[in-house]
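Notes for the one structure printed next.
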Amino acid sequence: MRPSRKRIWGSDAKSLSGRGPPVNNFLEILVVGIGNGATYAMLGLGLVVIYRSTGLLNFASGELAMFSTFIVWTFWNLGFPMWLAILGGMLGGFLIGVLVHKVAVSPLGDPHERPLAVVIVTIGLFLGLNGAAQLIWGTVDKRLDPWFGVSQITVGGVAIAWQKIGAVVVLFVMVLLLWALFKFTKVGLSMRAVASNSESSALCGVSVQNMLMLGWGMAAGIGTLAGVFSAPNLGLGTNLMQLTLVFGFAAIVLGGFDSILGAVVGGFVVGILSSVVPQYITVFEKMPLAPAFILILAVLLFRPQGLFGSKDVARV
Amino acid sequence: MSLLEVRDLRAGYGMVEVLFGLDIDVDEGELVVVLGANGSGKTTTLRAISGMVSATGSVTYKGQEVLGKRPDQLLGMGMSHVPQGRGTINALSVVDNLRVGGISRKDSEVDSDVELWLERFPRLGERRDQLAGSMSGGEQQMLAIARAFMSKPEFLLLDEPSLGLAPLVTREVFDRLRDVTADTSTSVLLVEQNANLALQFAARGYVLEAGEIVMSGPAEELQGDEAIQKAYLGI
Amino acid sequence: MPILEVDDIGVRFGGVRALDGLSFDVDKGQICALIGPNGAGKTTLFNVVSRLYKPTTGTVVFDGTDLLSVPADQIADLGIARTFQNLALVQGLSVLDNVKVGSHARSHGGFWSCALYFPQRAEEKRITAEAMEMLERIGLADLADHPCSALPFGTLKRIELARALASEPRLLMLDEPASGLTHQEVDELGDLIRTTTADLGITVLLVEHHMAMVMSLSEKVVVMDLGSKIAEGTPAEVRDDPMVISAYLGAPA
Amino acid sequence: MKSLRGVGPVQSVLWAIALVVLIVLPFTSAPFRVEQYITWMTIAVAAGGLNLLTGYNGQISVGHGALYGTGAYTVAILVTDAEWPLLPTVIAAAVVCFMVGVIIGLPALRIKGLYLALVTLAVATLFPLVIEQFSDLTGGSGGLTLTSEQLYRGSIRDRRVKWESPIDGLASDQWKYFIFLGISIVCFVVIAAIVKSRVGRSLVAIRDNETAAEVSGINVSRTKIITFGVSAGIAGIGGAMFALNKGQVNPTSFTLTLSIYLLVAVVLGGASTVIGPAIGAVIYGVFIDVIAPELPETLESATPLILGTLLVAQMLMAPSGIVGWFHDLTEKVSRRRQGGGKQDKNVDVTVTTHEVVAETDLETDPGGFHP
């Protein structure tokens, strides 16, 4: 946990020079915002999956994503093709998520009764995973190549990196898969049932613990993708996801903790706001998160459950 | 031998004991009611039987000791529990609630059974895609009962179906319950505060007071008992 | 002279009418029972009077004050205290401290004076003494320093009663005080309520299913069903009312 | 149930030992250690303030590092730019942080639990960025050095602030130590006074049962907001002490890590116990400043891993922290000593008949907490 400000706060929007940029620059900044937004949305999705299956907020989800991104790097470094390495990382993340639930979270009992315990345990996991990653992979940043290469296409004079397009496409595939899972499958139905009323679900024969474990595993697997898309820009270090996590939280607070659509919309809004606004309003130059944060406070005051969240979720 | 035999059942939460050695029997096809005031331990009795709170003593079901088994294991043996406060899964639609009810079944007739129960409870059929949380109390109670039947139980634990329902609605729920239990020859252990109504439907009853059974017998006998009338029927 | 006047109160939850034009009065010093089947709206009325719910129609006047214009936290200042069906005690405080919470409305001192400790010392001493006295009255003085968690249900009910009494209320609202108690405990509790409130001149509004207690304790009974009043009168009058028998008490078998 | 009245013999002895250690410590330690002790004190004070909010009132804040930082910067700016004398700036920091705390606490009226934790987390993350943004005032990433006009080699110059000991034989670091120890003790006495007063009871009542609080006449919203402010003010005093101790402030000192550190100190020592956060702060300090540097190099980067594992383990096994665990222990011991066989009998009867339980419960002396 030695924050290097260069790495954490740097966003690639800043590489664009000049203030009050011309129109083309605006579009390019917008594209960067959308690309970042897709990453935030991915991490947000992981958070939503955990929230929907357990009612918990996971402060360690960024570190879980960082850890499994290191697993991706390890496979990739060994010469595996990128897609296989990512699959391996997702699987590793899944297993760690399952383990985390089993060892640290489920013994806590009802999370709604003990919110402080939940915060502390996930913070403990945050520290623990960070330290474990430092021990295994060291404190020097690793380089992970962009999944979709470094080339870009130019549309109407605006350069768009394939990596950004890839991020958006991957995000939409994930959303589609999640939607189908919750909508059409028996497992998805069980997970929704457990989230809404775990006691009744248990009485219907749903294995509550298995569903919760699955939720943690899935969330960690999804988070891996967020890490894979963040690492090429930010450099793969142990504090890779610390700021992304705050953006991801911002995304789901905005969109609503329990809404998949909300995580996606929230992710894009936060991504765009934090890329575009600091370019025009100097006061936000060094804190791209601030405009999004102000928007969130405004949303929370008028609609505490977020834009797309359901009402009973926000225990106000 | 009875279908369910409860012997010397004791249970509690933390340091506080709630049940102090209950003996209860339910025969096959019988509807048995446990009467008692708020806080007398009725709900705990059902939760102890279905393994949701830890308990000591003995509970045999179909001649097998089941104390300590999980609810999903009991479901596999044909015992289904409708919890207090109806326990509908509020974020799911009526149809999805019923599908969750049949989730432990391996056969392929779950979907057609959903339709069957929507027919048996026409009020639910009218609201098939409505979220359970947005329905009235009586409808939720019927949904909870129908959902319990989706697992094809032979024995039903039913926790205070009249709670929060208007008398007329309660009567409708009980009428439905009597019909479907008769149709499916299901045995029921019912817990109720509304003694007057419950004794009209039950074959036998137990009276629970502060965690102990203070009286038991056939329903007509209990209805005629002066002490019961005084304490629970207000006569 | 009525101290509490409930007039045309209506409460809706979504489409459900929990209370529908309910009106009744309670005289000063009277013990008035509210009875009726589960879901009749008795607890809802309690929640309206203690300002936890906002009614859609009607007024509640307590001793000349329009209660609906008073913020919830000032209800206690007016001299209204209540207990809850499922208890509302503070788990993390001792029995004595729970009773002292009850005297919040009639003690003083915010953060500043409490932080300096000494200005509050005399008052704190007085409140402690009074709370101990209250615990002795209900026979729980031995438990004063015991944590409130892990005590039997019946004991907790009595602690909650002591908490309510510690605010020196003029109106005491009891929501099912007898539930979960044995016959003997119910009799003791009835005596306790009768003597304490008579000693201190407290008006009581009581919700109770235990008919023996209602009949022996109350001077007036209001019967509710489906959110409205279907009868009111002395216990004897109400017991013989055919409408009450069909809706609640049930016809003799 | 932490006893507020009466102190058992074991506790008295422990207090006496603690007092002696606190007095002897600066005379037996190297100056750099004494400076570390003062840092622990600043954390203890801030954690004590956080405990009022999170432990007693149940409002989780993951952002108190930002308030600590606000206190530190208030002092730095007042000393350097406005030329204030040193100690009054501590009070100014408390006032400024109180106001900032009330503003941050406003969303707490609409949101609670994990939601509030998230908002405060964002505050913690934003703080160093805000400092860098307003670099004209704060010195940006370079930080600020606390300077004052001092007589140096015959002329008045701006020099780094110093703590001149007025007492012969007391080195400046020792003098500083005792001044800050005094401030810390005052803070904890104030916290203890609040906690055992009617306000303290309302805090716990709001945490455990908002309905009970409301019908007892407690103004829940106002109490929550003021608690946020007071808690922030005390955290600000901690930050002020930090700035005065180090003589400089820098945004890297006030990152999210600090907020986590404060929360860990509270939980480790024992949330909703007066002295718990201080004990937690010291243990954390010993771990980071004394033990971790002694570890072999390979294990050094394992510090967060060890810390995280300990935190999770503690939450699962002793959720009420060290002080809570100690209370349970002394209670058990004194019960055994007083009750003899009676206690065991009570456990037995619990499962036989409830009437006996009710009676024995009434007779059972819960331990050494009686007046």
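In the list A:213, A:191, which residue meets the criterion of being surrounded by fewer than 24 Cβ atoms within 10 Å (Cβ to Cβ), over 21 Å from residue A:303 (Cα atoms), in contact (Cβ under 8 Å) with a residue 24 or more places away in the chain and of a type in the set (A, V, I, L, M)?
Details: A:191 fails: surrounded by fewer than 24 Cβ atoms within 10 Å (Cβ to Cβ).
So the residue among A:213, A:191 that is surrounded by fewer than 24 Cβ atoms within 10 Å (Cβ to Cβ), over 21 Å from residue A:303 (Cα atoms), in contact (Cβ under 8 Å) with a residue 24 or more places away in the chain and of a type in the set (A, V, I, L, M) is A:213.
Name the residue, out of D:62, D:79, that is farther than 19 Å from residue D:286 by Cβ and outside any helix (DSSP H, G or I). It would help to see each step written out before you state the result.
Working: D:79 fails: outside any helix (DSSP H, G or I).
Step by step, each of D:62, D:79 is checked, and only D:62 is farther than 19 Å from residue D:286 by Cβ and outside any helix (DSSP H, G or I).
Being in a strand (DSSP E or B) and either in contact with a helix residue (DSSP H, G or I) (Cβ under 6 Å, 6 or more places away or on another chain) or modelled with pLDDT under 80 (or both) is the filter here; which residues of the range D:145-159 pass it?
Start the filter on the range D:145-159 by keeping residues that are in a strand (DSSP E or B), which leaves D:145, D:147-152, D:155-159.
Across the range D:145-159, the qualifying residues are D:147, D:148, D:149, D:150, D:151, D:152, D:155, D:156, D:157, D:158, D:159.
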(request) Working only within the range C:176-222, note down all residues that are under 22 Å from residue C:98 (Cα atoms), at pLDDT 90 or above and of a type outside the set (A, V, I, L, M). (result) none
(request) Pick out, from the range C:1-103, the strands (runs of 3 or more DSSP E) lying fully within it that include 1 or more residues that are over 16 Å from residue D:214 (Cβ atoms). (result) C:2-13, C:16-27, C:31-35, C:57-62
(request) Go through the range A:33-51 and count every residue that is surrounded by 24 or more Cβ atoms within 10 Å (Cβ to Cβ), over 9 Å from the mean Cα position of the chain (by Cα) and not small (Gly, Ala, Ser). (result) 5
(request) Quick one: in the range A:276-304, of everything that is among the aromatic types (Phe, Trp, Tyr) and more than 8 Å from chain D (Cβ to nearest Cβ), which residue is surrounded by the fewest Cβ atoms within 10 Å (Cβ to Cβ)? (result) A:302
(request) Scan (1) buried (at least 23 other Cβ atoms within 10 Å of the Cβ); (2) over 12 Å from residue C:148 (Cβ atoms) for the single condition residue C:68 breaks and write down its number. (result) (1)
(request) Return the residue satisfying two criteria in turn: it lies in the range D:116-133 and is surrounded by 24 or more Cβ atoms within 10 Å (Cβ to Cβ) and not hydrophobic (A, V, I, L, M, F, W, C), and of such residues it is farthest from the other protein chains (Cβ to nearest Cβ). (result) D:120
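Starting from residues that are facing chain D (nearest Cβ under 7 Å) and among the hydrophobic types (A, V, I, L, M, F, W, C), keep the ones in the range C:85-102 and report whichever is farthest from residue D:219 (Cα to Cα). Break it down stepwise before answering.
First pass over the range C:85-102, keeping only residues facing chain D (nearest Cβ under 7 Å): C:88-94, C:97, C:100-102.
Right, trim to among the hydrophobic types (A, V, I, L, M, F, W, C) and you get C:88-90, C:93, C:101.
Details: C:88: 17, C:89: 17, C:90: 16, C:93: 19, C:101: 13 Å.
Filtering the range C:85-102 for residues that are facing chain D (nearest Cβ under 7 Å) and among the hydrophobic types (A, V, I, L, M, F, W, C), the one farthest from residue D:219 (Cα to Cα) comes out as C:93.
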(message) If I filter the range D:239-251 for residues that are among the β-branched types (Val, Ile, Thr), crowded, with 23+ Cβ neighbours inside 10 Å and either in a helix (DSSP H, G or I) or free of Cβ contacts under 8 Å to residues at least 24 places away in the same chain (or both), do I get at least one hit?
(response) no
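Return the only residue of A:260, A:252, A:222 being surrounded by 20 or more Cβ atoms within 10 Å (Cβ to Cβ), of a type in the set (Val, Ile, Thr) and over 28 Å from residue D:257 (Cβ atoms). Show your work before the answer.
Numbers: A:252 fails: over 28 Å from residue D:257 (Cβ atoms); A:222 fails: over 28 Å from residue D:257 (Cβ atoms).
Going through A:260, A:252, A:222 in turn, the sole match is A:260.
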(message) Just checking, does the range D:175-182 include any residue being hydroxyl-bearing (Ser, Thr, Tyr), under 17 Å from residue D:243 (Cα atoms) and either modelled with pLDDT under 80 or not in a strand (DSSP E or B) (or both)?
(response) yes
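Per-residue answers, yes or no, for (1) within 14 Å of chain C (Cβ to nearest Cβ); (2) crowded, with 16+ Cβ neighbours inside 10 Å; (3) closer than 22 Å to residue B:141 by Cα:
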| site | (1), (2), (3) |
| --- | --- |
| B:36 | yes, yes, yes |
| B:53 | no, yes, no |
| B:57 | no, yes, no |
| B:73 | no, no, no |
(message) Among the listed residues B:118, B:143, B:124, B:131, identify the single one that is among the aliphatic types (A, V, I, L, M), touching a residue at least 24 places away in the same chain (Cβ under 8 Å) and surrounded by fewer than 19 Cβ atoms within 10 Å (Cβ to Cβ).
(response) B:131
(request) Could you list, in sequence order, all residues of the range C:177-206 that are surrounded by fewer than 23 Cβ atoms within 10 Å (Cβ to Cβ) and outside any helix (DSSP H, G or I)? (result) C:179, C:182, C:201, C:202
(request) Within the range A:84-138, work out how many residues are of a type in the set (Gly, Ala, Ser) and within 13 Å of chain D (Cβ to nearest Cβ). (result) 10
(message) Suppose the filter is modelled with pLDDT under 90, in contact with an Asp or Glu (Cβ under 7 Å, 6 or more places away or on another chain) and buried (at least 17 other Cβ atoms within 10 Å of the Cβ); does residue C:96 pass it?
(response) no
(message) Just to confirm my filter: which helices (runs of 4 or more DSSP H) fall fully inside the range A:166-281 and include at least 1 residues that are of a type in the set (Val, Ile, Thr) and more than 14 Å from the chain's Cα centre (by Cα)?
(response) A:186-196, A:208-234, A:260-280
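Scan the helices (runs of 4 or more DSSP H) fully inside the range D:277-371 and keep the ones with 2 or more residues being surrounded by 13 or more Cβ atoms within 10 Å (Cβ to Cβ), at pLDDT 85 or above and not charged (D, E, K, R).
Details: elements: D:297-300, D:303-317, D:321-339, D:341-350, D:354-363.
Per the criteria, D:303-317, D:321-339.
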(message) If residue A:302 meets every condition in (1) among the aromatic types (Phe, Trp, Tyr); (2) without any contact (Cβ under 8 Å) to a residue 12 or more places away in the chain; (3) touching a helix residue (DSSP H, G or I) at 6+ places or on another chain (Cβ under 9 Å) apart from one, which number is that one?
(response) (3)
(request) From (1) without any contact (Cβ under 8 Å) to a residue 60 or more places away in the chain; (2) closer than 29 Å to residue D:61 by Cα; (3) not β-branched (Val, Ile, Thr), pick out the condition that doesn't hold for residue D:157. (result) (2)
(message) Being under 12 Å from residue D:228 (Cα atoms), modelled with pLDDT of 85 or more and among the hydroxyl-bearing types (Ser, Thr, Tyr) narrows it down to one residue among D:120, D:125; which is it?
(response) D:120
(message) Quick check on this structure: which one of C:171, C:143, C:151, C:156 is in contact (Cβ under 8 Å) with a residue 60 or more places away in the chain, surrounded by fewer than 24 Cβ atoms within 10 Å (Cβ to Cβ) and more than 30 Å from residue C:63 (Cα to Cα)?
(response) C:156
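The values are calculated or read from the model by the stated rules, or taken from the named source; none is laboratory data. Given the structure is predicted, the values throughout are model-derived calculations rather than measurements. All Cβ positions, glycine included, derive from the backbone under ideal geometry; neighbour counts span all protein chains shown.
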